[in-house]
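The values are calculated or read from the model by the stated rules, or taken from the named source; none is laboratory data. All values derive from a computational prediction rather than experimental measurement. Cβ sites come from the backbone with ideal geometry, for glycine too, and all protein chains shown count toward neighbours. Ligands, DNA and RNA are stripped out before the accessible areas are found, and what is left, the full protein with its side chains, is counted by its heavy atoms. Shrake-Rupley method; radii C 1.70, N 1.55, O 1.52, S 1.80 Å.
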Amino acid sequence: MNDRPDLVALDLLVRVAAGGSVGAAARDLGTTQPHASRLLSRLERQLGLQLLERSPAGSRVTSEGEVVVAWARQALEAVDRVSTGARSLAAERAARLRVVASLTIAEQLAPAWIARFRREQPGHQVRLEVANSEQVLERVLSGEVPLGFVESPSVPQEVSVAAVGLDRLVVVVAPEHPWARRTTPLSPAELADAELVLREEGSGTRRTLARALTRAGAPLGGHHLELASTAAVRAAALQGDLPAVLSELGVADQLATGALVEVPVAGLDLARTLRAVWLPSRRPVGDAARLLRIARASHETTRDEPRA
């Protein structure tokens, strides 16, 4: 049997002790005097104590009642702390957006989006998690996250999409690699047959390359060094032994300084659109919609800029 006192009855008792009136206490709590009286009588029976002395002039708390009032105040304050703390946690949770992005987007684009988001929404946080495109799609489809960003060439029909950027893959080598001195572009077949440094299966970069080569009639071979991050693939290419295929966004600095050299490939379309994805039944709202708007606006701004 639950013998814990009713919180409303305790609140009434504290208010009667402060004001000397059951009717006034009832009005403060938005209830009727008869109902308040029944709650207080039931509290007395439950505790086995007379808490109030009632008279036509009002109600006075007994000496035992004064002790119970002191305890009741402490209990109500504790409940208020629970309520206030819970609301604070709920507000904190509402102000923290969780999204997941594929590696190129997470490294090259998302930091600027999040910086602008935080300027526009002070106190709101974005938790950015990083995965390959296949994993991003899995987490969006499962409902684990409300918004994802992928670089894969195709996405399931079950998700809604919006373009947030343009990119292309480039074949890069160190300056001392023989391909750096080529005077003619590679053919798709040469690229497909070469030993390359590539991202892992499931990454958008790997899927884009494989799809482009298949469409060119030169399916990607199976002898490659696979690494799980753009930074690792880039570092391997800088060592000079193997060519790498990477996002142009991810090697722009190395191409600009000459640390890596781009090797042209004839007849191969390696352009790709970077996209936001979400479930149609979970259309982005609130902070998710704000971040998506920022990402799309950045794309609209940069899409029309002349390429250097």
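General remarks:
- THR230, sole failed condition from (1) out of contact with any Asp or Glu (no Cβ under 7 Å at 6 or more places or on another chain); (2) under 17 Å from ASN132 (Cα atoms); (3) of a type in the set (Ser, Thr, Tyr): (1)
- Verdict on GLU226 being charged (D, E, K, R) and assigned to a loop (DSSP other than H, G, I, E, B): no
- Residue in segment 26-41 that is closer than 12 Å to ARG73 by Cα, open to solvent by 60 Å² or more (accessible area, probe 1.4 Å), modelled with pLDDT of 90 or more and small (Gly, Ala, Ser) present: no
- Checklist (1) in a helix (DSSP H, G or I); (2) in contact with a strand residue (DSSP E or B) (Cβ under 7 Å, 6 or more places away or on another chain); (3) of a type in the set (D, E, K, R) applied to ARG60, failing item: (1)
- If you go through segment 260-285 and keep only what is of a type in the set (Gly, Ala, Ser), under 28 Å from ILE114 (Cβ atoms) and either assigned to a loop (DSSP other than H, G, I, E, B) or open to solvent by less than 40 Å² (accessible area, probe 1.4 Å) (or both), you end up with just ALA276.
- Scope segment 142-160; condition open to solvent by 70 Å² or more (accessible area, probe 1.4 Å) and in contact with a strand residue (DSSP E or B) (Cβ under 9 Å, 6 or more places away or on another chain); matching residues: GLU144
- Restricting segment 214-250 to residues that are in contact (Cβ under 8 Å) with a residue 40 or more places away in the chain, over 34 Å from the mean Cα position of the chain (by Cα) and under 20 Å from ALA266 (Cβ atoms) leaves a set whose member that is most open to solvent (accessible area, probe 1.4 Å) is ARG215.
- The criterion of being surrounded by fewer than 20 Cβ atoms within 10 Å (Cβ to Cβ), at pLDDT below 95, in contact with a strand residue (DSSP E or B) (Cβ under 8 Å, 6 or more places away or on another chain) and among the charged types (D, E, K, R) does not hold for ARG81.
- Qualifying positions in segment 84-102 - polar (S, T, N, Q) and at pLDDT 90 or above: SER102
- Filter result for the condition that a residue is more than 22 Å from GLU158 (Cα to Cα) and at pLDDT below 90, over ALA228, ALA212, ALA194: ALA228
- Every test in (1) within 22 Å of GLY222 (Cα to Cα); (2) more than 20 Å from the chain's Cα centre (by Cα); (3) in contact (Cβ under 8 Å) with a residue 12 or more places away in the chain is passed by ALA180 save one, and that test is (1).
- Count of segment 286-308 residues which are among the β-branched types (Val, Ile, Thr), open to solvent by less than 80 Å² (accessible area, probe 1.4 Å) and at pLDDT below 95: 1
- Of the strands (runs of 3 or more DSSP E) lying entirely inside segment 115-221, those carrying at least 2 residues that are closer than 17 Å to VAL277 by Cα are 125-130, 147-150, 160-173.
- Residues of segment 1-25 that are over 20 Å from LEU76 (Cβ atoms) and hydrophobic (A, V, I, L, M, F, W, C): MET1 alone.
- Segment 119-138 residues that are open to solvent by less than 70 Å² (accessible area, probe 1.4 Å), paired with ones that are of a type in the set (D, E, K, R) (beta carbon under 6 Å, 6 or more apart): HIS124/ASP287; SER133/GLU151
- Checked against the criteria, LEU198 counts as among the hydrophobic types (A, V, I, L, M, F, W, C), closer than 22 Å to PRO264 by Cβ and open to solvent by less than 10 Å² (accessible area, probe 1.4 Å).
- Any hit, segment 57-75, residues being in contact (Cβ under 8 Å) with a residue 60 or more places away in the chain and either over 15 Å from the mean Cα position of the chain (by Cα) or outside the structural domain of ARG272 (by the TED database) (or both): yes
- Residue within segment 50-57 that is touching a strand residue (DSSP E or B) at 6+ places or on another chain (Cβ under 7 Å) and not acidic (Asp, Glu) present: yes
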